[in-house]
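Undergrad: There's a structure below that I have some questions on.
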Amino acid sequence: MANLTIPRMIMSGLSRLSLRRGAERLFVVAGLAIILAFVFMAILAPVIAPYDPNKTGVGRLYESPNPRFPMGTDRLGRDILSRVIWGSRIVLIVTLSSMALSSICGVILGLISGYVGGKLDTVLSLFMDSLYAFPGLILAIALAVMLGQGIMPVIVSLTVVYVPIYFRMIRGEVLSVKESLFVEAARAVGANGRTLIFKYIFPNVIPSIPIVLSLNAADAVLTLAALSFLGLGLPAHIPDWGFDLRMGYGALTAKIWWPGTFPGLMIVLLTLGFSLFGEGLAEILNPKLSRR
Amino acid sequence: MGSAMPIIRVVNLKKYFPVQQSFLERLLSRRIDYIRAVDGVSFEIEKGEVFSIAGESGCGKTTTGRLVARLIDPTEGRIYFGEREITSLKGEDLRRLRRHIQIIFQNPYASLNPRMKIGDNVGHPLEIHGLAYGEERRRLVMEMLERVGLQPASKFYNAYPHELSGGQRQRVAVARAMILKPDFIVADEPISMIDVSLRARILELMIQLKEELNLTYLFITHDLAVAKYISDRIAIMYLGKIVEMGSKEAIFSDPKHPYTEALLSAIPIPNPRVKRKRVELKGEVPSPINPPPGCIFHTRCPLAMDICQREEPELVEIEDGHLVSCHLIK
Amino acid sequence: MSQLLKIEGLSVHYYTEDGIVRAVDKVDFLMNRGETIGLVGESGSGKSTFGLAILRLVPPPGRIVGGKIIFDGTELTSLDEREMQKIRGRRISMVFQDPTTSLDPLMKVGDHLVETIMAHENVTREEAKERALKMLEQVGIRPERFGDYPHQFSGGMRQRVGIALALALNPDLVIADEPTSSLDVIVQFQILDLMKRLKELYDMGMILVTHDISIVPGIADRIALMYAGQLIELADVNSFFDEPLHPYGKALLESVPNIQFSDQKLKYILGNPPDLINPPRGCRFSPRCPYATERCRREEPPMINVGSDRLVKCFRY
C-alpha cells in the first residue's frame, strides 16, 4: 500500500522523545518553516540560483564544494546548488498538485460512497481497495511507465496512488458519523439529505484531512524521488533531486560524495518538513477531536 | 377518557428487526429470524398529558418511541397524529410533520453537532423549516437559551458543545426540541445520563415548558420512580408488548400484572425503615427472537397457570382507564 | 482488632494535560470488620478513585500523592507491587461496574475462577475446581455453566461471575464499584440481595461505591458521602436518612424521586459540578449551598464529630 511508513517512523521516533504539549506546536511550526523555506526557494529560484542549472561546464567536472560552488559541481560541470534550488520547483509543483487532486477526488468519492451506500458503495470500495492493495511505489512505477514521460503523467500517477487513502478514510468517517446520534437528531428535526451531508457530516469529517494531506505530501516527495531515481516520468531537462541523486550515487565509489548527498539531503528535509507539520497537527487536533 | 380526539393514537404497532446473518447462513437457510422489538402495541395519548412507557432494557420502549416519532418505519400497524394517519409518510410530508413532533434523545454527549455552535445547533431547525433567519433567528434562539437556564445567553450561543457539561448539553437539546414550538415530544430517557442532583432540574424544565407551550409528552424511561414523578399515565412494557397500562395512581397503588408487581417491589427506596414485600422472579428475560408462546411472561411468572402457556391474554380494561394483559383477572 | 481499614489524609491526583485534577483530597476514613459502607457521590466526587486507591489500582496519569492506607494493621501505601498483588484478590478484592470488560472473553468462566484460586493458594487443580463450582453455586449459577464463556451469559449473570471471582478467596474486604449501574432494576435487586447474603455468610467488609443513593439503605450499615474529592459526611444509615446533616446530602435526597410519596416536589441543586483542577476556595460546596456564609467561602470546614460516630464537614455544626 502507499507507503506512509517512513514518515511515520521518523515521527514516532521523534514523538517518543517529547511527550509534553509544547512539542506538537514546535513540530507544526518547525514543519511549516521548512515547507515555507522550500516554497520560497522554489518561487525565488531564478533570483537566488547563482547559475543556470542546466548549463554544463560552468565549473570543472566534479569540483568539490568551494566558495564559488558551495555544493560543488556534478559530472557535467553543472552547479549543484543551482540544481538543488531549481529542483525544488518541480517537487513542489508535482507534490502539491497531486495532493490537491487526489484529496479532492478521494474526499468527494468517499463522501458520496459513504452516504449513499448500496451497490455504488460496494463497487467503488472494491475498486479503491484493489488500488490500495498495491504497494504504492510499484503502482506509481507501473503507471509512470504506462503513461510515458512528462510532468502531467507523473502528477496523474501520483494522484491515482493516493486517492484510495482519502477515499477509505473519508468513507470510513462518513459511515460512522452517519450513524451518530446528532445526525439522527438532525434528521429528526427535518433536515434533508443535502443539509445532512454538508452541514453535519462533512464538517465532522474534515478535521482528519489536513493531517493525511501532510503525510501524503511527505510520502509523495519520496515516491517522486524514487520515480526520478529510476529515470521514469520526468523529462531530462528539468532539474530534479531524484534524478540527481541517481547520478550522484554512481560517483560515490570514487569518494565523490557531494553530487548525491545534497539532493538527497533536500529530499529528506522536505519530507521531514511535511511529516513534522502533519504529525504536529494531528496531535493538536486530536484532543479536540476526542473531547467531543 | 376525554371527549377530544387523542393527539396520538397507535394501533397494533409492530417492529421486527431481521437478525444479522453471515453470507453463508443466508445462503444455506431460507429462514430469517426476527427480533420482535415491538410486537403489537396499541395506546392513545391525550393532548396535554405525560404518557410514560416504562420497562427494562430490551422491552421495546425506545423502539416504540422512535416509531411514534417516525424515525423508523413500522413493520405493521398504524400511527395517527390527530386525525391524520402518519404511518407511511415520506419525503416532504414527513419533513413537515417534524415541525409538530420532536424528540429529545438520551445521550446529551452525542445528540448535538460538535462542529456547530450551540446557537446554530438550536437555531438550525428554524432555518430548515423556513421560520426564521438571521437576526430574527438569533433573537428566538437567545430567548430559548435563557428560558432553559443557559445564561448569559450570548456566552452560550457562541460556545461549542464540548465546552458544556452533560446537564447543560441536555438543556440545549431541550431548547432545540422546543424552538419549533411543536405539539408533541418524545423524550427518550432524557435524564438517565445526567448526574442525579441535576436531573430534577431538567424534569422541572420539561414540566414548565409543557404548561407554557401546551405540549404533550411521550416519556420513555427505565426508572419507575421518575415515571411516578412525572407521568399522568403509564404503560409497562415487557418483551415488546404492553402488559399493563393505566393512570399513575392505578399502576402504583393497585398493580394487577405480576410483572408490574415485581418491578415495583424492586425499585430502591431511599429510606432504611421501610419494609418491602419482595416478589421473586424466576429466570431471565427470554430472547426477543423467540418469545415464549402464550403469555410472554409465563416463563417467569410466580402465578403462572396452564392456560398461560397456551393462550396469549388480551389487553382488557378492568376498570376505568386501567388495562391489564393477564389471565388472572378472570 | 476489629478495625479493618484506616485511611489517613489520602490524596490522589491525576496529572493531566489540562492541569492537576485533585480527585481525592485528604480523606480520613475508618471501617470495622464486617461493616458495609455505602460510598455515595456523583460523577467527579472521587468515589471510584478512592476505591481504586485502596487497591493501589489508580490508573496513570493518576497517583497517590499523600496519606496512608492501613489495612488490618498493614500499611498498604508502603508495600511494593509484588506484595500488593498478594493482597489483591486474596484479602481485598473488587467487583467492577462493567462485567463485560472485567472478564476475559477468551477464558471459560470456570477456568477463570480456578486460575484465580490457584494463583493465590497452594491447592491442586481439582481442589480449586471444587471450590470454583461451589462458588458458582453460591452466586446462583448452575454448575453446567462452568465451561461457558462470558459472552454466553446475560449482564446480570456476568455480574454474578464477577462477584464469584471477588469472593472466591474469602477476602476480608470487597470493594464494589458501581456493581449494579449497568443492570436493570429487577436484576439489580437480585444482585444486591446476593451480595448482602454472601457478605453476611462470609463476614466480609464491603465498600459499595455508587451514585445511586437509593440502593444504600437496603445493604449498607453506614453511609459515606463524597463531594469534590472530599468526604463530607459519615453516618450510620438510619440517622442519615432520618436527617441528613450536610446541605449537599440534604439536597441530594430532595432531588431523588421516592415512590413512597405521591406528590413529591423534587428540588434540584443550582450551579454546576465543581472543577477539580481549580476547586472553590473554602468549603467546596459553598458556591451552591443555600446556607453558605462568608466564612464558608473563605475557610475550609473541618470534619466535625456531632456525636455517636457521626461526622460532618460543615460549619453549621
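Readers should treat all values here as calculations from the given coordinates under stated rules, not as data from a laboratory. Note that the coordinates shown come from a computational prediction; the quantities given were computed from them, not determined experimentally. We place every Cβ from the backbone using ideal geometry, glycine too, and count neighbours over all the protein chains shown.
Undergrad: Under 5 Å between amide hydrogens, which residues at least 5 positions from B:G40 or on another chain qualify, with H placed 1.01 Å from N in the peptide plane?
TA: Excluding prolines and chain starts, which carry no amide H, the hits are B:L13, B:K14, B:K15.
Undergrad: Could I have the simple spin-label model distance between C:D18 and C:R197, label points 7 Å from Cα toward Cβ, reported in nm to one decimal?
TA: Reported label-point gap for C:D18 and C:R197 is 4.4 nm.
Undergrad: Please state the Cα pair-distance histogram of segment A:109-232 with 5 angstrom bins from zero: what percent is in each bin?
TA: Computed distribution, short to long bins: 2, 10, 18, 17, 15, 13, 9, 7, 4, 2, 1, 0.
Undergrad: Any idea how far the Cα center of segment C:287-303 sits from the one of segment C:209-272, in Å?
TA: 19 Å
Undergrad: Sticking with this structure for a sec: Would you mind checking the pairs B:K282/C:K199; A:K178/B:K14; B:K14/B:K61; B:K228/C:K265; C:K86/C:K134 and listing those with alpha carbons more than 20 angstrom apart?
TA: Numbers: B:K282/C:K199 23 Å; A:K178/B:K14 26 Å; B:K14/B:K61 12 Å; B:K228/C:K265 12 Å; C:K86/C:K134 23 Å.
From the list (B:K282/C:K199; A:K178/B:K14; B:K14/B:K61; B:K228/C:K265; C:K86/C:K134), the Cα-Cα distance tops 20 Å for B:K282/C:K199; A:K178/B:K14; C:K86/C:K134.
Undergrad: Let me ask something else about it. Which lysines have a Cα lying under 17 Å from the Cα of C:K26, excluding residues fewer than 8 positions away in the same chain?
TA: Excluding near neighbours in sequence, the set is C:K6, C:K47, C:K68, C:K313.
Undergrad: Using each residue's phi in segment B:67-75, evaluate 6.51 cos²θ - 1.76 cosθ + 1.60 at θ = phi - 60° and report the 3J(HN,Hα) Karplus result to the nearest Hz, with x for Gly and Pro.
TA: With the stated coefficients, segment B:67-75 comes to 5, 5, 7, 6, 7, 10, 8, x, 6 Hz.
Undergrad: I've got another one for you. On a straight-distance basis, which lysines could pair with B:K155 in a cross-link, Cα separation under 24 angstrom, same-chain partners fewer than 8 positions away excluded?
TA: Partners found: A:K199, A:K288, B:K117, B:K181.
Undergrad: Counting only DSSP beta bridges with both residues in the protein assembly as shown, tell me the antiparallel percent, nearest 5.
TA: 60 percent
Undergrad: Rule-of-thumb check for segment A:68-137: C-alpha Rg over 2.2 N^0.38 Å?
TA: 1.88
Undergrad: Please compute the modelled spin-label separation between C:R33 and C:Q85, points set 7 Å along Cα→Cβ, answer in nm with one decimal.
TA: With each label point 7 Å from Cα toward Cβ, the separation is 2.9 nm.
Undergrad: Relative to the longest principal Cα axis of chain C, at what angle does helix C:125-138 sit, 0 to 90 degrees, rounded to 10?
TA: 50 degrees
Undergrad: Can you give the FRET efficiency for B:D320 and B:I289, using 1/(1 + (r/R0)^6), R0 = 56 Å, r = Cβ-Cβ distance, to the nearest 0.05?
TA: Result of the calculation: an efficiency of 0.90.
Undergrad: For an R0 of 56 angstrom, estimate the FRET efficiency from the Cβ-Cβ distance between B:E76 and B:E163 and round to the nearest 0.05.
TA: FRET efficiency, B:E76 to B:E163: 0.80.
Undergrad: Taking the highest mean first, how do the peptides B:4-12, C:4-12 order by number of other beta carbon atoms within 10 angstrom per residue? Working shown, then result.
TA: Details: B:4-12: 16.8, C:4-12: 19.3.
Ranked by mean Cβ neighbours within 10 Å, highest first: C:4-12, B:4-12.
Undergrad: Further question on the same structure: At what distance in nm do the modelled label points of A:V268 and A:M247 sit from each other, each positioned 7 Å from its Cα along Cα→Cβ?
TA: 2.2 nm
Undergrad: So what is the diffusion coefficient of chain B in µm² per second by Stokes-Einstein at 25 °C and 0.890 mPa s, using a Kirkwood Rh over Cα pairs?
TA: It diffuses with D of about 115 µm²/s by this estimate.
Undergrad: At a threshold of 8 angstrom on Cα-Cα distance, excluding pairs fewer than six apart, so keeping six or more, what relative contact order does segment A:51-120 reach in percent?
TA: 22 percent
Undergrad: Considering only DSSP beta bridges with both partners in chain B, what is the antiparallel share in %, to the nearest 5?
TA: Bridges in chain B are about 60 percent antiparallel.
Undergrad: Suppose we take every Cα in segment C:95-192 and form the convex hull; what volume per residue is that in Å³?
TA: In segment C:95-192, the Cα convex hull volume per residue is 91 Å³.
Undergrad: Sticking with this one: Rounded to the nearest 0.05, what FRET efficiency is calculated for B:E249 and B:E83 with R0 set to 30 Å and r the Cβ-Cβ distance? Before the final figure, lay out the partial values.
TA: Values: r = 30 Å, r/R0 = 1.01.
Rounded to the nearest 0.05, the efficiency is 0.50.
Undergrad: Go ahead and estimate [θ] at 222 nm for the protein assembly as shown from helices alone: -39,500 (n - 2.57) per DSSP H run with n ≥ 4, summed, over the residue count, rounded to 500.
TA: -14000 deg cm²/dmol
Undergrad: Quick query: amide H of C:I207 versus all other amide H atoms, modeled in the peptide plane; which residues come in under 5 Å with a sequence gap of 5 or more or a different chain?
TA: C:I37, C:V174, C:I175, C:A176
Undergrad: Next question. Please state the charge dipole magnitude for the protein assembly as shown, taken about the Cα centre, from unit charges on C-beta atoms (+1 on K and R, -1 on D and E), reported in debye and rounded to the nearest 20.
TA: My answer is approximately 2040 debye.
Undergrad: Taking 8 Å as the Cα distance limit and 6 or more residues as the minimum spacing, I'd like the relative contact order of chain C as a percentage.
TA: On the way: 583 pairs, mean separation 64.4, N = 317.
Once divided by the residue count of chain C, the mean separation gives 20 percent.
Undergrad: Continuing with the same structure: With everything on Cα atoms, drop me the angle between helix A:80-116 and the longest principal axis of chain A, reported from 0 to 90° to the nearest 10.
TA: It is inclined by approximately 10 degrees.
Undergrad: Then there is this: With N denoting the number of residues in segment A:5-290, provide Rg(C-alpha) divided by 2.2 N^0.38 Å, to two decimal places.
TA: Taking the Cα Rg and dividing by 2.2 N^0.38 Å, one obtains 1.15.
Undergrad: Dividing the convex hull volume of the Cα atoms of chain C by its residue count, what figure in Å³ per residue is obtained?
TA: 145 Å³
Undergrad: Over all directions, the average projected area of the alpha-carbon convex hull for segment C:163-247 comes to how many nm²?
TA: For segment C:163-247, averaging the hull's shadow over all directions gives 6.2 nm².
Undergrad: Tally Lys/Arg at +1 and Asp/Glu at -1 over every other residue whose Cβ is under 13 Å from the Cβ of C:Y248; what's the total?
TA: Around C:Y248, the charge tally is +2.
Undergrad: Let me ask another. When the convex hull of the C-alpha atoms of the protein assembly as shown is computed, what volume per residue in Å³ does it have?
TA: Value for the protein assembly as shown: 233 Å³ per residue.
Undergrad: Considering every Cα-Cα pair within segment B:211-330, what fraction, in whole percent, is farther apart than 19 Å?
TA: The share of Cα pairs beyond 19 Å in segment B:211-330 comes to 51 percent.
Undergrad: How are the alpha carbon pair distances in segment B:120-271 distributed across 10 Å bins from zero to the largest one, expressed in percent?
TA: With a bin width of 10 Å, the distribution comes to 10, 35, 30, 17, 8, 1.
Undergrad: By how many degrees, between 0 and 90 and to the nearest 10, does the Cα long axis of helix A:118-133 differ from the longest principal axis of chain A?
TA: Computed tilt is about 30 degrees.
Undergrad: Let me ask something else about it. Restricting to Cα pairs below 8 Å that are 6+ residues apart, what does the relative contact order work out to for chain B? Please round to a whole percent. It would help to have the intermediate numbers written out before the result.
TA: On the way: 593 pairs, mean separation 65.9, N = 330.
After rounding, I find 20 percent.
Undergrad: In terms of modelled amide H atoms, which long-range or inter-chain residues lie less than 5 Å from the amide H of A:W257?
TA: none
Undergrad: Straight-line reach from B:K210: which aspartates and glutamates fall under 20 Å, measuring Cα to Cα and dropping same-chain residues less than 8 apart?
TA: Within the straight-line limit of under 20 Å, B:K210 reaches these aspartates and glutamates: B:E44, B:E46, B:E49, B:E143, B:E146, B:D183, B:D188, B:E189, B:D232, C:D263.
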